[in-house]
Amino acid sequence: MAGLPSYLRPGAPRPELPGLEAVFGRPPFVLADFVGRALAFLRGREAAGTGFRFQEAACLPCTWKCVDESLFGVDLILLAYTGRYPFAKGLMGGFFNRAALGAAVQHGPINLDFGGGHVGYQPGPGGGSFGRVRRPQQGHDSTDCGYLTALLAPFVQAYRQAGRDIRLHSPDGDKVVVSLPEEYLRPESSGRGVRLLVDLDALTAGPVPPGLAEPEAGRSLFSVRPDFLDRLPGDEAGLFRSPRPRPIGLRLGAECFNIFDPRAELDQAGLPRPRLLQFMNSIVSDRQAPPGLAVSLVNAGLEHRRLVEAVREPDFEPCAFASFSGLFIDLYSEDLEAYANLFQPLSLLLKPAGRSRGLELGPEEIHQRFEDLKPVPPRRPLAQVLGFEPPADLAERFTFRPGFFREPEEPAGRA
């Protein structure tokens, strides 16, 4: 399609979100509990069977995460469990800092990594809400992760505006037609920074028959593909079998449009920087997860792959890596006057020294192995290092499941 960047043109791979059912099929761990289980796993038979030799004296705890203060507890928990301050491999937004890897392996031949994206979570009815957390210094809530939220915001805004602008109705009570503003047909006609282009092949069956209906000025009418209506849940298709035009809203699925920023920098392969821009179709339109959660999940998965590719390079073959990657879920406790963190694992890489590859596990496999493990005790009492014991009911406060959540309200005048 004319006007589309190369990574979104027909024939280019269309990436998808990680399966939320796999990721959130089980509740997340309390972060401190997960670290204790991770150390127990590294001392166990399965890790030893891969050739990984756990030597406590040679381990360097490391993190790759956002620099947000809501995640400072990660450093303190690693200090409590290992007795050492962790080495930072992360950048703002939860990006893996490849340039830090060389220094890290000089400081310790076994790198023990805990990293990933993060997202604020506020417990409540309806699965709670994602994307904001309490900031006591400000006296109100604000975005979390703010970096990814700012990156995501114009894409969400463009998608939701399209959901209001694109309308469906049935002029004869039978055939459903879609009314498309010109800016969603020809991106060069859009004055927006982030642009959305409807995929006519996926959404429509061609122009409407002559005489069926007349388009409004600045719009074009197309017949809707029957399979688009068939995919709608429940009786939602019936909403559009009315002469009254209705906005398509969130029913505009990822397969029916492309969304992109024409100003985005592209790498030598023609892919956007950051790479997660390639996933924005799925992130903004997913009905199983709010955008703030989805973008953090995608970012964590992409950055874990960057880490895996880096440690497989010949320069790092003599070193060992135990890398636990996932999603940090940040909560603020008014009672404790402190942040607490849950952790939902996505990936585990266990690379023994002297090899370029090793054991790799996904979220379901990590949960299966870790849930029956007895956590090792911290070297220093958590209450002494953190200043509090992690609340016993912390994991129970997390009630989200795929498709069961509410969006946070944006307070007027707040970032």
Worksheet item: Roughly what angle does helix 291-311 make with the longest principal axis of the chain, taking Cα atoms, 0 to 90 degrees, to the nearest 10?
Response: 50
Worksheet item: Any idea which of P123, G51, L101 is furthest toward the positive side of the dipole for the range 50-139, if Lys and Arg beta-carbons carry +1 and Asp and Glu beta-carbons -1?
Response: P123
Worksheet item: At a Förster radius of 56 Å, what calculated FRET efficiency corresponds to the Cβ-Cβ distance of Q384 and D165, to the nearest 0.05?
Response: 0.50
Discussion item. How high is the relative contact order of the range 186-311? Use alpha-carbon pairs under 8 Å, at least six apart in sequence, and give a whole percent.
Written reply: 23
Worksheet item: Where does each of 293-300, 141-148, 129-136 land if you order them by average Cβ count within 10 Å, highest first?
Response: 293-300, 141-148, 129-136
Item to complete: Using a Gaussian network model of the chain whose springs link C-alpha atoms within less than 10 Å, name the residue from I166, I77, I259 with the highest mean-square fluctuation.
Response: I166
Item to complete: With no solvent and one equal point scatterer per Cα, compute the Debye intensity ratio I(q)/I(0) for the range 38-139 at 0.10 Å⁻¹ and report its log10, rounded to two decimals.
Response: -0.37
Discussion item. Using Cα springs under 10 Å in a Gaussian network model of the chain, which residue among Q122, Q278, Q106 shows the largest mean-square fluctuation?
Written reply: Q106
Discussion item. With a cut-off of 8 Å between alpha carbons and a minimum separation of six or more residues, what is the relative contact order of the chain in percent?
Written reply: 26
Worksheet item: Could you state the per residue volume, in Å³, of the convex hull enclosing the Cα atoms of the range 194-347?
Response: 227
Worksheet item: If you take the beta carbon distance between E360 and E214 as r and set R0 to 51 Å, what does 1/(1 + (r/R0)^6) give as a FRET efficiency, to the nearest 0.05?
Response: 0.30
Discussion item. With +1 on the Cβ of every Lys and Arg and -1 on the Cβ of every Asp and Glu, and nothing else charged, how large is the dipole of the range 1-140 about its Cα centre, in debye rounded to the nearest 20?
Written reply: 120
Worksheet item: Of Y332, Y85, Y159, which is the most mobile in a GNM of the chain whose springs link Cα atoms less than 10 angstrom apart?
Response: Y85
Discussion item. Run lengths n ≥ 4 of DSSP H only: what is the helix-derived mean residue ellipticity at 222 nm for the chain, with -39500 (n - 2.57) per run over all residues, to the nearest 500?
Written reply: -7500 deg cm²/dmol
Item to complete: Pull up the cross-link candidates among the lysines for K65, meaning alpha carbon to alpha carbon under 28 Å and not fewer than 8 places away within one chain.
Response: K89, K351, K374
Worksheet item: How would you order 341-354, 380-393 from highest to lowest mean count of nearby Cβ atoms within 10 Å?
Response: 341-354, 380-393
Response to the item:
Percent relative contact order for the range 287-413, counting Cα pairs under 8 Å at least six residues apart, stands at 24
Fill in: Part-to-part distance (alpha-carbon centres) for the range 1-77 and the range 223-260, which is given in Å
36
Fill in: Angle in degrees between helix 146-165 and the longest Cα principal axis of the chain, rounded to the nearest 10
20
Worksheet item: Along the Cα-to-Cβ line of D227, 7 Å from the Cα, sits a label point; which residues in the range 238-277 have backbone N less than 13 Å from it?
Response: 255-256
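Quick note: the coordinates plus some simple rules give every number you see, no bench work behind them. Here the structure is a predicted model, which means the values were calculated and not measured. Here Cβ is always computed from backbone atoms with ideal geometry, including for glycine, and neighbour counts include all displayed protein chains.
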